[in-house]
Amino acid sequence: MTITALAKTTTSTSKVTTCSDDPALIRETFGRFPSGVVVVATEHNLQKHALVASSFMVGVSLDPCLVAVAVQRSSKTWPLVRSGKTLGVSVFSRGQGPLTRQFAGKNRAARFDEVAVEVADSGAVFIEDAALWLECVVHDEVEAGDHWMILLETTKMGFSGEDPLVWHRAQFRDLVAAATSE
């Protein structure tokens, strides 16, 4: 579909742009797709390191079992997290929004303050009460514009039964129960 055709099919409140015209509009557009929020964490040399990402995808591959996370190439935290042999991916559960903000904050030293975690023998760090968790190793890193696309091979996994925290339009949201069909 061409941009002209796209513009004709949208409502009067829709905005159409090319991907190089307006970074704020691009973020707003991408933000309209709901996603889960994860923390990728490890313990290396007796120090815990973590980063938060909302660009996360499960089910990249079943054999091998791969998930993916996008990390900004300018991240100073990714090299610290990457230094761990094994990474823990915790999908935040509903109600863990404040914890997400703590981990996303600039103060790396305070990220784990008063946070209940479990550290696996492998060094993977998991947030307690997460909706699901994955123990992973880095499978591949692919340069993708201003990000790295990190493919993680999952070696262990589990889930709590809690609903995940959802990030949509720059806000945390709750899932709504599915409507029943009659």
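The values are calculated or read from the model by the stated rules, or taken from the named source; none is laboratory data. Note that the structure is a prediction, hence the values are computed from the model and not measured. Backbone-built Cβ (ideal geometry, glycine too); neighbour counts: all protein chains shown. The protein model used for the area step is the full one, side chains on, heavy atoms only, and it has no ligands, DNA or RNA in it. Shrake-Rupley method; radii C 1.70, N 1.55, O 1.52, S 1.80 Å.
Descriptive notes on the structure:
- At R0 = 22 Å, FRET efficiency that the Cβ-Cβ distance of R101 and L62 yields, to 0.05: 0.10
- Summed residue charge, Cβ within 12 Å of S61's Cβ, Lys/Arg positive, Asp/Glu negative: -3
- Gyration tensor (alpha-carbon) shape descriptor, segment 84-182, a/c threshold 1.5: rounded
- Gaussian network model of the chain, springs between alpha carbon atoms under 10 Å - residue of G31, G88, G145 with greatest fluctuation: G145
- Carbon plus sulfur fraction of accessible area for the chain, probe 1.4 Å, in percent: 53 percent
- Segment 23-100: relative contact order in percent, alpha carbon pairs under 8 Å with at least 6 residues between: 33 percent
- Computed over the chain: relative contact order in percent, which uses C-alpha pairs under 8 Å that are six or more apart: 24 percent
- As a length-normalised measure over Cα pairs under 8 Å and 6 or more apart, the relative contact order of segment 75-140 settles at 47 percent.
- Estimated FRET transfer efficiency (R32, R108; beta-carbon r; R0 30 Å; 0.05): 0.50
- Accessible area expressed per residue, the chain, with surrounding protein chains retained (probe 1.4 Å, Å²): 64 Å²
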